[in-house]
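See below for the structure under consideration.
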Amino acid sequence: MESKIQSQLIKSLEKDGWYVVKLIQTNKNGIPDLLCLHKDFGVKFIEVKDIHGRLSELQKYRIREIEGKTGIKTELFKPTL
């Protein structure tokens, strides 16, 4: 389910001019799913969950770590019903 949501989100972001990288395996567990780059809007990470999904404690930690150390915005994307 999340992979379908991710695919749709990636297409939408790329249509809006974002360059999107799906992060499959990194050297740090808990890193958000998508790295998004835009020439006008900068950089952001997006964690994608289905409507019932919740962030793990490790994911919450990584988001705080990324934002605290780099100032890069991290968003949670959850579709609505």
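Each reported figure results from applying straightforward, stated rules to the coordinates on display, with no laboratory input. Values in this document were obtained by computation on a predicted structure and should not be read as measured data. Glycine also receives a Cβ, built like all others from the backbone with ideal geometry; neighbour counts cover every protein chain displayed.
What does the helix-only formula give at 222 nm for the chain: each DSSP H stretch with n ≥ 4 adding -39500 (n - 2.57), the total divided by the residues, and the result rounded to the nearest 500 deg cm²/dmol? Working shown, then result.
Numbers: 2 runs with 28 residues, N = 81.
That comes out to -11000 deg cm²/dmol.
Direction-averaged shadow area of the convex hull around the Cα atoms of the chain, nm²? Before the final figure, lay out the partial values.
Working: hull surface 22.3 nm².
Seen from a random direction, the Cα hull of the chain projects 5.6 nm² on average.
Using Cα pairs under 8 angstrom and six or more residues apart, how large is the relative contact order of the chain, in percent?
Across the chain, relative contact order equals 27 percent.
Any idea what the dipole of the stretch 2-77 comes to, in debye rounded to 20, about its Cα centre with Lys/Arg Cβ at +1 and Asp/Glu Cβ at -1? Present the calculation step by step, with values, prior to reporting the outcome.
Numbers: 14 positive and 11 negative charges, 19 e Å.
Dipole about the Cα centre, nearest 20: 100 debye.
Would you check the chain for Lys pairs whose C-alpha atoms are within less than 12 Å, ignoring same-chain pairs closer than 8 in sequence, and give me the count?
Lysine pairs meeting both conditions in the chain amount to 4.
State, in angstrom, two size descriptors of the stretch 6-46 derived from its alpha carbons: Rg to one decimal place and Dmax to the nearest whole number.
10.4, 29
At a 10 angstrom cut-off on C-beta neighbours, averaged per residue, how do the peptides 55-63, 28-36 rank from highest to lowest?
On the way: 55-63: 14.8, 28-36: 18.0.
Descending packing order for the listed peptides: 28-36, 55-63.
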